There are 4 protein chains.
Amino acid sequence: MLFRIQPNNGIPIYDQVVRQVKYGVAAGAILPGELVPSVREMAKQLAINPNTVSRAYRQLQDDDVLEQVRGTGLQVAADAKKLCRMERSELVRDRFRSVLAEGRRSGLSDDELTKIFNSELKSLKREGGES
Amino acid sequence: MLFRIQPNNGIPIYDQVVRQVKYGVAAGAILPGELVPSVREMAKQLAINPNTVSRAYRQLQDDDVLEQVRGTGLQVAADAKKLCRMERSELVRDRFRSVLAEGRRSGLSDDELTKIFNSELKSLKREGGES
Amino acid sequence: MLFRIQPNNGIPIYDQVVRQVKYGVAAGAILPGELVPSVREMAKQLAINPNTVSRAYRQLQDDDVLEQVRGTGLQVAADAKKLCRMERSELVRDRFRSVLAEGRRSGLSDDELTKIFNSELKSLKREGGES
Amino acid sequence: MLFRIQPNNGIPIYDQVVRQVKYGVAAGAILPGELVPSVREMAKQLAINPNTVSRAYRQLQDDDVLEQVRGTGLQVAADAKKLCRMERSELVRDRFRSVLAEGRRSGLSDDELTKIFNSELKSLKREGGES
DNA sequence: GTGGTCTAGACCACC
DNA sequence: GTGGTCTAGACCACG
């Protein structure tokens, strides 16, 4: 599993870590029972402060995605995959809803919104390869 | 023109003011040459801090949507309408792009994304009436 | 409302802050809608680091006890009182359950446990005044 | 004598071992003069790290429950039974005191505390059989 | 080795 | 003024 951080893009670093772990679990790249990299190692890999990683891991524990094995590290919880998959869809759905609401409030018609959506999806497909 | 503010919904208040002015101009509800309410009056109307209105107006001047008429107030710039209409699309387009990028990064396929988009558009149509 | 911190008594400082706020809300000493002291002021009052207070306040937000009023501070949520009262009972109940389980596992009879409970309750009443 | 370990239940593993030995001695299941299993064997039995057993045994020696017999192993001290019986009560008493203190600090009355205690004792009796 | 806690001090956005 | 984020570095308990 590879993680990447973009500093100063508006999203807090700890939150970027949280999301990437969740996405990794949802996609099956990180399996339940597997140990995540230690706080210090992850910090070194991402070139960020251990405290920041620690905060991300703490949140992941609060969200029942990680669980502590004392003196050993943090492992992905047994039912984390199901949980992350659901959360992932909900999150994207919420963001779509908010964009659409904003778009209509600003006076754009459904046709215009759909047109924009399709053009962006196509452009993304060109850049990013197949999905 | 009527404005509505939702405090603490995540979007900064000054930004809500900026957007609503731009949307109003884009939709033709506020016409070029028209004077916007004074900082104090707008603040009273929206029950927010005058500093916040002031910041919004400053940004609208930076964005060439408003211009100062010495001793009189702020008026909508001559070419503001065209500008706002373009920006409106660009903004929505950017947000679509970011949602889509996030969705694919999280492992969702284009089909799944399109499905979510359509379901949300339909649900919005049900609630909010025609566009 | 008065807060007191005991450093190095095993309970993390941020947790002591969290509990005292919740107890204050549950007991009605802090009312819904009221602003809690600012991070910096609370830190000064308790002679601890602002970051520690910040962490406590963040948790209280996660627990829906506090909510942010942007640029103004943190206020007690509308339904925080009910929430804190319930949590308070549950917490005490859980601790009783664990003490009792431990006591019986260690071979003490119900009579012995009840005797100990009563003697401690009486001694507490002597020291601490009426409840 | 049979030991059971619950990893990650909040109580350190070495402490669980310490307590179970003490409870065993207090209840008469382990007799003074008897040899406890070697560090390695105990570790294998409980499927825990030998270091952890070692730490527990060290603490039991500090508490005068075990004593070293050079070249042979660790045996239960002559007066360990009396000692453990006393400590057992004290430990439970301390925990009652702390729960009660916490409960009253949180604003619960003595009546409420007693009610909670009784209800938990009854529920424990239902589940766990007579004491 | 592991994570958790705390302190200190800096910078930012918002009102 | 407010809280939020991040960094740096120290100390502790646990296995």
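The values are calculated or read from the model by the stated rules, or taken from the named source; none is laboratory data. What you see is a predicted model; the values in this text were computed from it and never measured. Every residue, glycine among them, receives a Cβ derived from its backbone with ideal geometry; neighbour counts consider all protein chains shown.
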Conditions (1) touching a strand residue (DSSP E or B) at 6+ places or on another chain (Cβ under 8 Å); (2) more than 19 Å from B:Y14 (Cα to Cα); (3) not basic (K, R); number of the one not met by B:E67
(2)
Scan segment B:1-25 for residues that are charged (D, E, K, R), in a loop (DSSP other than H, G, I, E, B) and within 12 Å of DNA strand E (Cβ to nearest atom) and jot them down.
none
Among residues of segment A:26-35 being touching a Ser or Thr at 6+ places or on another chain (Cβ under 9 Å) and more than 10 Å from DNA strand E (Cβ to nearest atom), the residue nearest to D:N8 (Cα to Cα) is A:A26
Can you name every residue in segment D:72-102 that is away from chain C (no Cβ under 14 Å) and among the small types (G, A, S)?
D:G73, D:A77, D:A78, D:A80
Looking at segment A:36-52, which of the residues that are away from every other protein chain (no Cβ under 14 Å) and more than 8 Å from DNA strand E (Cβ to nearest atom) is surrounded by the most Cβ atoms within 10 Å (Cβ to Cβ)?
A:L46
Of all helices (runs of 4 or more DSSP H) completely enclosed by segment A:31-131, which ones contain at least 2 residues that are touching a residue at least 24 places away in the same chain (Cβ under 8 Å) and within 18 Å of the chain's Cα centre (by Cα)?
A:39-46, A:50-62, A:80-105
Please specify each residue of segment C:22-48 satisfying the condition of being under 20 Å from C:D62 (Cβ atoms) and within 12 Å of DNA strand F (Cβ to nearest atom).
C:L35, C:V36, C:P37, C:S38, C:V39, C:M42, C:A43
Does segment D:62-71 contain any residue that is at pLDDT 95 or above, away from chain C (no Cβ under 14 Å) and within 16 Å of DNA strand E (Cβ to nearest atom)?
no
